[in-house]
1. Can you sort A:Met31, B:Met174 by how many other beta carbons sit within 10 Å, fewest first?
2. To make sure I understand the rule: partners must be aspartates and glutamates, Cα under 19 Å from the Cα of B:Lys133, and not fewer than 8 residues away in the same chain. Which ones qualify?
3. Cα convex hull of chain B: how many Å³ per residue?
4. Output the Cα-based Rg and Dmax of region B:144-208 in Å, rounding Rg to one decimal and Dmax to a whole number.
5. Let me test this: with uniform point scatterers at the alpha carbons of region A:136-202, what is the Debye-based log₁₀ I(q)/I(0) at q = 0.16, 0.22, 0.28 1/Å?
6. Work out how far the C-alpha atoms of the protein assembly as shown reach from end to end along every principal axis, then list the three figures in whole Å, largest first.
7. If you split all Cα-Cα distances of chain A into 10 Å bins from zero, what percentages do you get per bin, shortest first?
8. Taking only Cα atoms, what is the 0 to 90° angle, nearest 10, from helix A:42-61's long axis to the longest principal axis of chain A?
Amino acid sequence: MPRLSGDLIVAVCRTLPLGLLGAAGGTGLLMAGLSRTTGEAGEWLALPLLRVAILAFAMGLVFLLDDPARHTTATVPTPRPVRIALRVALVVPVAAAWWTAALLLVPRDLRPPGADITLEAAAAFALAVSAAAVAVRRSDLTRPGPRLAAGLLTSAMLVLLFWPGRWALLVPVEDERWAAAHDRWAVVLAGAVVVGVLGAVEPLRRWYWRMVPGR
Amino acid sequence: MTPTVSASGLSLRYGGTRALDDVSLRLSGGVTGLLGPNGAGKTTLLRVLATALPADRGAFTVLGHDPGTARGRQEVRRRLGYLPQTPGFHPDFTAFEFVDYVAILKEMTDRAARHREVRRVLDEVGLADVRGKRIRKLSGGMRQRVALGAALVGDPGFLVLDEPTVGLDPEQRMRFREFIAGAGEGRTVLLSTHQTEDVAMLCHRVLVMAGGRVRFEGTPAELTARAAGHVWSSTERDPGAKAGWRTGTGSFRNVGDPPAGADLLEPTLEDGYLLTLEGAGAEVAA
């Protein structure tokens, strides 16, 4: 069992990309706060702005596992899942506080249903961190964040433009598919958590050759 | 004597490239040099033995522990120091803070004892005077020594060093050799390098790799002896030589099968290494 100490928590905390998270969070809060200044348009703009805010913070979270010292610390006995879990645990309260602030910035009468939009945010954040975990497992990159951020932004655009209507995720509150969309968001969240956990595990065997029989 | 590392049949592929091909070896105390050209599989072998990369096939033990199980890998990592080819750092950390960070990750929980150990390794690698300096402000050679300090912290029984002298000037390289020689006392060190002088000066054993396979395993003297009677001097480039180059005196130094009456020269470790590679190249081509 790995030994968690206060020193470990402080040391890992110092390696977090706090500047990038701060910039992403600030941009997100700015987006969320814009709904206060949009007058009558705020009625239909509040939800898209909140979603843009979620995307902005998620783009900060993809940098969570960037670690320039990754190769130097590749073979320490503190297992990678523990180090990843610690980083995630340290950022969860920050994300929760940020999300609360973002929600409060949206005027009460324009605010979408709290539980549902929180589910969207949780799924987006989990997707971001899971993508980072998979990138760490599947590559030797010390800083996969920039590529992941570009990928996340592109994916968001593609979902917005081409996602099939019958599996809609990004629907307005008054849309009759709102409830079904949030069932799907729950699936996305669960899937992201599973992928993230699998991505965090350090394999004892490479699975590449098993996928290529005869090699 | 029980070997520190015992490996058999290690194989690993990257796509269609065989990076390791049925590698078996045994390492015991002292410094063992790992020579080979680019793409020989040196770094892959080091990463596998350091548990940074799992092999496709084969098995090995380090200090009696099998890294093929989660528990075994953790036990190996508790006894291992690893200096990667391109060590990275948190540049805002000081040298002390960074080595301390690695010591924390190496499960050294007693702060006072850990700080003593960090100071000890920084002294050992000659960074006592700059331990409070941020890594971003250190020279390349000093950073390399910070990484060596991080590998040495916790007094590991098995030390894996991947080309630690690359990019260092001759003076820095000399100092580094001194550190590595010291590190090899009482522990097993596996040192990958392109520098045959490093091996000649530091190592009691040497492995030569090419094409993912170990082509030679023995002492530096044995590798040198391989070239005895196969190095000669000539005034013109000898087309029959397997390798040859013009020396500073204007004559040509040739390695291979000498013609009758050739002016034979005393071989060096590099000659033995080149001859081994030439043999491996012919084998691969066949």
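1. Result, fewest neighbours first: B:Met174, A:Met31.
2. Answer for B:Lys133, where 19 Å is the Cα cut-off: B:Asp92, B:Glu97, B:Asp100, B:Glu117, B:Asp123, B:Glu124, listed by chain and number.
3. 147
4. 11.1, 30
5. One equal scatterer on each Cα of region A:136-202 leads to -0.73, -1.05, -1.20.
6. 100, 54, 44
7. 8, 31, 33, 19, 8, 2, 0
8. 10
All of the numbers you see were taken from the coordinates with simple rules; none came from a lab. Predicted, not measured: the structure shown is a model, and the values here were computed from it. Cβ coordinates were reconstructed from backbone atoms using ideal geometry, including for glycine residues, and neighbour counts include every protein chain displayed.
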